[in-house]
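Worksheet: the structure to be examined is printed underneath.
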Amino acid sequence: MKTRSLFPGAMGPEGFVSCFDHLMPEAQLRRMLILKGGPGVGKSTFMRRIHAALCGEDAPSTLYFCSGDPDSLDAVALPERGLLVLDGTAPHVVDPKIPGARDSLINLGACLREEAMRPRLPHIRDCMADHAACSRRARACMRAACALTRDSAAVLAAAADEGRLARMTRALIRTVIPCDSGEEEEAQAPSVRPVLTDAVTPKGELCLIAENALPRVIRLVRPWAMDLTPALRELSFAARAAGYAVEEHLCPTMPGSLLHLSIPALHTLVTTSDLLPSELTFDFGACLPGDSLLRHECALEQAHAGVKLHLHRAVSALAQAKQLHDELETFYVPNMDFAAWQRILDETLESLQSSCAG
């Protein structure tokens, strides 16, 4: 897995769910470039050019795609160079933490011919206001979907056989973590890193888990709305206690919930998705007595249909927001000095290449 694809953040029921503080481990980060500028100033293209110029064919990297526009980048990480390049504009404002010594601001907005844009101010304001309204509608739809999902998850949790759940979770842990893992590894202080492989986007609900697969895949089977976060968190805790760093894959539509768990040192991905072939499966649905499910079948089906409808409406609102963002770009792109933009890119690449050579 040379190049990974992740989301650095995503729209959630209560606003933007951000992993921007976890794009690269702090100990690994040697240089961070924070791009500033409005829509259409070429931030995503700037990142693609840096990635193409500096990332060797066999070098690992991570491309972080924008959930509001999955064809654009929000960040690029090159771990072997200790380099992180990211979009530091709203809704994920990022500013330097170690200015100069490590972190640098690159203002691509300096390439704008501002005097040519000022007459368009009323149109830009209207477009931004409409974009914000679409985002609010998307969040409202996601809140409604989240509420229905949480209610259904509570019904299933109350019906579940807790003893059987506990036994299956212990069996999962024994399967994933080697028996000879010793507690002496605890001195390494293994990390837990939140990541996002799933997002609600203008293109629909996208899942990048297939692009983050590890050699060993274990699937957790569950009925809709059954929340396996407790089992995944127990596995995460056990892995870290045994000395292994983990990646917890967040669920943006259900804040606080997990969808998958990666343990890179064990080359293992534990997933609730059915998008990947798996070595083993654990059927957590077997922990739900059949008569309990029958009693709640109608309510669960109605809730599931309601969630699908609300998320469809959220996708529609985000698609409209994307159209408005594209309209905003039409105010900016014609007023960009791309020769100046190219000079900034060339100077940046020269600086990065010389610092790596040194």
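The values are calculated or read from the model by the stated rules, or taken from the named source; none is laboratory data. Just so it is clear, the structure is predicted and the values come from calculations on it, not from any experiment. So basically every Cβ, Gly included, is an ideal-geometry build from the backbone, and we count neighbours across all protein chains shown. We work out accessible area using only protein heavy atoms, side chains counted, and drop any ligands, DNA or RNA first. Shrake-Rupley method; radii C 1.70, N 1.55, O 1.52, S 1.80 Å.
Note on exposure: Thr149, Thr330, Thr197, Thr175 ranked by accessible area (1.4 Å probe, complete protein assembly) read Thr330, Thr175, Thr149, Thr197, with the most exposed listed first. Here are some pairs, Lys2/Lys97; Lys2/Lys322; Lys43/Lys308; Lys2/Lys43; which of them have Cα atoms lying more than 27 Å apart in this structure? Violating the 27 Å Cα-Cα cut-off are Lys2/Lys97; Lys2/Lys322; Lys43/Lys308.
Rounded to the nearest 0.05, the FRET efficiency derived from the C-beta distance between Ala157 and Val93 at R0 = 22 Å is 0.05.
Given +1 at the Cβ of Lys and Arg, -1 at the Cβ of Asp and Glu and no other charges, the dipole of the chain around its Cα centre is 520 debye to the nearest 20. Exposure check, 1.4 Å probe, all protein chains in place: Asp161 carries approximately 70 Å² of accessible surface.
Translational diffusion coefficient of region 233-294 at 37 °C, 0.692 mPa s, Stokes-Einstein with Kirkwood Rh over Cα pairs, in µm²/s as a whole number. Once the numbers are plugged in, D ends up at 243 µm²/s.
Sequentially through region 208-221, phi angles give Karplus couplings (6.51, -1.76, 1.60; θ = phi - 60°) of 9, 5, 5, 8, 10, 5, 10, x, 10, 10, 10, 9, 9, 8 Hz, Gly and Pro residues having no value and appearing as x. For Cα extents along the principal axes in Å, several values are listed as [x] 70, 49, 31; [y] 51, 46, 45; [z] 56, 53, 53; flag the one computed from this structure. Of the listed options [x] 70, 49, 31; [y] 51, 46, 45; [z] 56, 53, 53, [x] comes from this structure. Summed over the residues of region 7-76 and divided among them, the accessible surface reaches 37 Å² per residue at a probe radius of 1.4 Å.
Expressed as a whole percent, the accessible area of region 199-358 that falls on carbon and sulfur atoms is 55 (1.4 Å probe). Compute the acute angle (0 to 90°) between the alpha-carbon long axis of helix 162-176 and the principal axis of greatest extent of the alpha-carbon atoms of the chain; round to the nearest 10°. It works out to around 60 degrees. Averaged per residue, region 99-173 has 56 square angstrom of accessible surface, using a 1.4 angstrom probe with ligands and nucleic acids left out.
Can you give me the long-range amide H partners of His260? Hydrogens built in the peptide plane at 1.01 Å from N, cutoff under 5 Å, separation of 5 or more residues or another chain. Answer set, sorted by chain and number: His249. Computed about the Cα centre, the dipole magnitude for region 1-154 is approximately 180 debye when only Lys and Arg (+1) and Asp and Glu (-1) carry charge, each at its Cβ.
Seen from all directions on average, region 69-220 presents a Cα convex hull projection of 15.9 nm². For the chain, a Gaussian network of Cα nodes joined below 10 Å ranks Arg49, Arg139, Arg219 by mean-square fluctuation, and the top entry is Arg49. Rounded to the nearest 10 degrees, the angle from helix 43-54 to the longest Cα principal axis of the chain is 80 degrees.
On region 48-92, 48 percent of the accessible area sits on carbon and sulfur atoms, based on a 1.4 Å probe. Taking the chain as the reference, fit the longest principal axis to its C-alpha atoms, fit the long axis of helix 121-159 to the helix C-alpha atoms, and give the angle between the two in degrees, 0 to 90, nearest 10. Result, in degrees: 10. Other residues with beta-carbon under 11 Å from the beta-carbon of Val93 carry, at +1 per Lys or Arg and -1 per Asp or Glu, a net charge of -1. Extending 7 Å from the Cα toward the beta-carbon at both His312 and Leu293 defines two label points whose distance is 2.5 nm. Close amide H pairs (under 5 Å, H built 1.01 Å from N) link Ser61 with Thr3, Arg4, residues at least 5 positions away or on another chain. For region 219-319, the solvent-accessible area with a 1.4 angstrom probe is 44 square angstrom per residue.
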